[in-house]
Amino acid sequence: MSGSTNTLSFNFDSEKPGNCSQRRNNLQAANQYGFTVNKLSEEAIVDFIDEIEMARSTKQHTLVISLDLKGRQVALNTPQGPATLPQHRGCPQGSCTGPAFRKLVANDVLTQPWPEGVHLQAFADDFIFLIKAPTKAQQKVKALANEALNQFKS
């Protein structure tokens, strides 16, 4: 390692719990919902239904994949290797680092370039894909789903 240090900092607004510099500086993905001001569960549902309706109006096959991540733990890379601390109680959404860290992780996934025909959005730490392809291309839907899941895993 060179002598550089990477620092991750959060600037919380004490008047509005849950607000952090990430939202104020527009660093949050547009398709991230939950733990976010003005991005409620109802909006997540409406936006996802809108995506389905757009696919339906263009006569595309669609496939929905919902991922509820379980058994997660936060790992911090150190010069000695990954440092982990399993957390089981008193932690919202499975993480004592809370919503801000979850938003950072989700933001990294959501802002990746996804193949055409793949829509991804998140609510807190749950992810949902909408895979769509032309009506006569059922195999394309399956191939896109596999490609999206492989990209998500890496």
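Just so it is clear, none of the values below were taken in a lab; they were calculated from the coordinates. Because the structure is a prediction, the values reported are computed rather than measured. Here Cβ is always computed from backbone atoms with ideal geometry, including for glycine, and neighbour counts include all displayed protein chains.
Here are some notes:
- The listed peptides 59-66, 130-137, ordered by packing as a protection proxy, come out as 130-137, 59-66 (highest mean of other Cβ atoms within 10 Å first).
- For the range 140-152, backbone phi angles converted through the Karplus equation (6.51, -1.76, 1.60; θ = phi - 60°) give residue-by-residue couplings of 5, 4, 5, 5, 5, 4, 5, 4, 5, 5, 5, 5, 4 Hz, Gly and Pro being listed as x.
- Potential lengthening between Gln151 and Ile65 on full extension [0.36 nm per residue; Cα-Cα distance subtracted]: 29.6 nm
- Arranged from fewest to most other beta-carbon atoms within 10 Å of their beta carbon, Asp47, Asp125, Asp68 become Asp68, Asp47, Asp125.
- Hits among aspartates and glutamates - C-alpha to C-alpha of Lys140 under 13 Å, sequence gap 8 or more where chains match: Glu116
- Each Lys or Arg adds one and each Asp or Glu subtracts one; over the other residues with Cβ under 13 Å from the Cβ of Thr62, this totals +2.
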